[in-house]
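In what follows, a structure is listed as structure tokens, so that the remarks can point back to it.
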Amino acid sequence: MLKLSCNPPETFELLEHKHFEGLNKIIGTGQRRGLYAVAAPITKLHSAIRNHSGRKRAFFEWLWGINGGRLRAILIGKPPLLKMIVDSFNQKFPELVFSEQDADGNVNFNALGNTVLDIFNYKRYRQSDMCLNYLSALGIRQATPCPYCNFDEIYLTEVNGDDYHYDEDEREAEANNYQQALLDLDHFFPKSRYPFLAISLYNLVPSCHNCNSNFKHTKEFALETHVHPYMTDFEDIFTFSLKTPYVDGQTYDTLEILYSNKAAYPDFPDNSIKDFRLISRYNTKRETLLDMLKALHMGIFENFDQIFTDQQQGDIKKLILRNAKIPFEHQEITKFQIGKLKRDIYLEFFQRKSNLA
Ligand SMILES: [Zn+2]
């Protein structure tokens, strides 16, 4: 929902370079939290080509492409390129499946799926410093709202080695301070169907557990149907509003949250809003919204112009809004829980007011 960005934006190019080099650099074993390494996708893919025949071999050769071009595109290609790879795979190898879902919704990978996952080893990547550095470059800190929902928070925390109880054999290797990512990495194109995109830089979306596991799970997402946090900004596509303007003495359960497409994207589907259950989740925060509206309604900003200069008014407004965790600037939406909802409603409130004036 919220667009993931780096500061400065060129950082993405650097991250792509680090990702590709880091995954394919071979270093010694024995490092618990070192680079991904040990088993580089390039090496493993070559042995998979050698060890298979027929259609499976053709598939592994396809993954490699010409001079390793497709492998590179898979690992660091941007979302539109990943989409082309997905489309091409579906067209060329429609018979290949990597997993099955059982009656309880658990995904079980078959032998082919496990071979692919061994090449694109997500578990190893998730435990690597590479992954932590990447999340840090994306600006994930303590209590950052999830990019999909802007509701639940995700965390990159500093864990103090002394606070944690280790098993004896863990003690030496682990008894330092280290970072821990308390979040899920969602695979925008699902890992169950496309395990070869399991460690693709732009297929990994840091998200909350609810969005990733409870709401999305193995649902198929596509660039045309869902907001991809590396591609599009939810802010450009949708606006939240209230069905009826706030009136004095209103109770929170009568606040009805609506959404609509902005003029620039009149036809973009609302699948992201529906699949992540945004309205029902936001409804649980209606009391907070009501408090915000009450404060605005009571006219906390009414007499500003009589007391303060324009410059002061702007500064004070910013402070008050930040204190109430309402984003003043567009970029601040990513910092506050339900930041977009609050900002849209706040802007709507003042729009209505100036229309009346
Ligand atoms: Zn979320």
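For the reader, a short list of remarks on this structure follows.
- Candidates Asn90, Asn150: the one that is within 16 Å of the ligand (Cβ to nearest atom) and either at pLDDT 95 or above or in contact with a Gly (Cβ under 8 Å, 6 or more places away or on another chain) (or both) is Asn150.
- Of all residues in the range 345-357, those satisfying the criterion of being open to solvent by 10 Å² or more (accessible area, probe 1.4 Å) and within 16 Å of Glu256 (Cβ to Cβ) are Glu348, Phe349, Arg352.
Conditions tested, residue by residue: (1) out of contact with any Phe, Trp or Tyr (no Cβ under 7 Å at 6 or more places or on another chain); (2) open to solvent by less than 30 Å² (accessible area, probe 1.4 Å); (3) free of Cβ contacts under 8 Å to residues at least 60 places away in the same chain.
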| position | (1), (2), (3) |
| --- | --- |
| Asp233 | yes, yes, no |
| Val247 | yes, no, yes |
| Thr251 | yes, no, yes |
| His297 | no, no, yes |
| Gly314 | yes, yes, yes |
| Lys317 | no, no, yes |
| Asn323 | yes, no, yes |
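- Failed item, numbered, when Tyr125 is tested on (1) in contact with a Cys (Cβ under 7 Å, 6 or more places away or on another chain); (2) not in a helix (DSSP H, G or I): (2)
- Looking only at residues in the range 82-99 that are touching a helix residue (DSSP H, G or I) at 6+ places or on another chain (Cβ under 7 Å) and under 22 Å from Leu201 (Cβ atoms), the one that is surrounded by the fewest Cβ atoms within 10 Å (Cβ to Cβ) is Phe98.
- Test: residue in the range 93-109 that is in a helix (DSSP H, G or I) and farther than 23 Å from Gln180 by Cβ: no
- Residue check, Pro206 more than 28 Å from Met298 (Cα to Cα), part of a strand (DSSP E or B) and within 16 Å of the ligand (Cβ to nearest atom): yes
- Positions within the range 108-147 being of a type in the set (Gly, Ala, Ser) and open to solvent by less than 20 Å² (accessible area, probe 1.4 Å), in sequence order: Gly113, Ser128
- All positions within the range 131-142 that are assigned to a loop (DSSP other than H, G, I, E, B) and in contact (Cβ under 8 Å) with a residue 24 or more places away in the chain: Leu138, Gly139, Ile140
- Selection within the range 153-172 - open to solvent by less than 50 Å² (accessible area, probe 1.4 Å), away from the ligand (no atom under 16 Å from the Cβ) and modelled with pLDDT of 60 or more: Thr157, Val159, Gly161
- The helices (runs of 4 or more DSSP H) found wholly in the range 218-321 and carrying at least 1 residues that are at pLDDT below 95 occupy 234-237, 286-297, 304-307.
- Filtered residues of the range 5-20 (kept if modelled with pLDDT of 85 or more, closer than 21 Å to Gln331 by Cβ and open to solvent by less than 30 Å² (accessible area, probe 1.4 Å)): Leu15
- Between Leu45, Leu23, Leu2, the distinction of being modelled with pLDDT of 90 or more and open to solvent by less than 40 Å² (accessible area, probe 1.4 Å) belongs to Leu45 only.
- Exactly one residue among Ser241, Ser272, Ser207, Ser260 is open to solvent by 40 Å² or more (accessible area, probe 1.4 Å) and among the hydroxyl-bearing types (Ser, Thr, Tyr), and that residue is Ser260.
- Residue check for Tyr125: hydroxyl-bearing (Ser, Thr, Tyr), over 30 Å from Gly339 (Cα atoms) and more than 16 Å from the ligand (Cβ to nearest atom): yes
The values are calculated or read from the model by the stated rules, or taken from the named source; none is laboratory data. Just so we're clear, the structure is a prediction, and the values are computed from it rather than from any experiment. Note: ideal-geometry Cβ built from the backbone for every residue, glycine included; neighbour counts use all protein chains shown. For the accessible areas, the whole protein counts, side chains as well, though only heavy atoms, and no ligand, DNA or RNA atoms are used. Shrake-Rupley method; radii C 1.70, N 1.55, O 1.52, S 1.80 Å.
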